[in-house]
Amino acid sequence: MEKDMTIENLAQKILELRATMETLEKENGCDMVELVKQYTEANTALLNAKKEYDNLNRVYSVLIGSSKNRESKYEAIVTATLDSIKKGFKVNLGMRGFNGKLIIDRTEENLIMDIDPVKSAVTRKVETLSGGEKSFAQIALLISIWRAMPSKLLALDEFDVFMDNANRKQSLDMVIKSLGNRYNAQSIVITPQDMEIDDVQLKNNDITIQRMPDPVRSAPH
């Protein structure tokens, strides 16, 4: 309040304030006491909403940070797994005297096997290999995946159908050795060809050969 305000000025100010209050009361359909109450409640609700927003914003920031951290760790795990598969594939090929490499394009979701079965320093696409070489390359890839991504149950069905004796023996030794290191997993290998326990280099009591009877074909009428 101004110090030099006269009584007349003060009275005029009071009248103006009363007129303003009456106008507000008419516009809002309630008296000034109710307006103050509504304002107080609305202001309190606003402050509470701001606090809740700040809390949610802090939680959001924590979740974003956690998500980025998980994405980083996931990317590191994927990269390490793929590197392990590539190295294992190269080592498995070497057991048969092959050279080669595995190309994995995550962007295009492509997997390419470049293989040199005769060590000519020139790799070939897997489509150009013989049936036995192609099957051996597939086994080399599969075992490298098994080592990097273990499972409780592993199964191979007729993996040696197109293999010659050399590729079959090398592949079988590689498969049995890989499976023999998995003491907490069950493995099933199915082949239409004959097999003896002496056919594999690994001898242990965990390998059991079950033979199914030959199919009986009825004579044509």
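Helix 7-28 and the longest principal axis of the C-alpha atoms of the chain enclose an angle of approximately 40°.
Mind running the shape call on the range 73-133? Use the C-alpha gyration tensor, a ≥ b ≥ c as the square roots of the eigenvalues: rounded below 1.5 for a/c, prolate if a/b tops b/c, oblate otherwise. It would help to have the intermediate numbers written out before the result.
Values: a/c = 2.93, a/b = 1.80, b/c = 1.63.
Prolate, since a/c reaches 1.5 and a/b exceeds b/c.
Percent relative contact order of the chain, based on C-alpha pairs within less than 8 angstrom and at least six residues apart? Across the chain, relative contact order equals 12 percent. Between Thr191 and Val91, how high is the FRET efficiency from 1/(1 + (r/R0)^6) when r is the Cβ-Cβ distance and R₀ = 22 Å? Nearest 0.05. Using R0 = 22 Å, I get an efficiency of 0.35. Checking the cross-link pairs Lys125/Lys177; Lys86/Lys125; Lys68/Lys90; Lys73/Lys134; Lys86/Lys177 against a 23 Å limit on the alpha carbon distance flags Lys125/Lys177; Lys68/Lys90; Lys73/Lys134 as lying beyond it.
Okay, which of the range 157-185 sit inside 12 Å, backbone N to the point 7 Å along the Cα-Cβ direction of Ile207? Counting backbone N atoms under 12 Å from the label point, the list is 169-181. FRET efficiency for Asp157 and Lys73, Cβ-Cβ distance as r, R0 = 35 Å, nearest 0.05? The value I calculate is 0.50. The label point for Asp164 and the one for Arg18, both projected 7 Å from the Cα toward the Cβ, are 11.7 nm apart.
Go ahead and estimate [θ] at 222 nm for the chain from helices alone: -39,500 (n - 2.57) per DSSP H run with n ≥ 4, summed, over the residue count, rounded to 500. Counting only the DSSP helices, I get -19500 deg cm²/dmol.
Computed from the C-beta positions of Asp83 and Glu52 and an R0 of 45 Å, the FRET efficiency is 0.45 to the nearest 0.05. Which entry is the computed semi-axes √(5λ) of the Cα gyration tensor in Å for this structure: (i) 43, 16, 14; (ii) 44, 20, 15; (iii) 84, 23, 17? Recomputing semi-axes √(5λ) of the Cα gyration tensor in Å here picks out (iii).
We did not get these values from a lab; they are worked out from the coordinates using the rules stated. Everything numeric here is computed off the predicted structure, so don't read it as measured data. Positions of Cβ are backbone-derived with ideal geometry, glycine not excepted, and every protein chain shown enters the neighbour counts.
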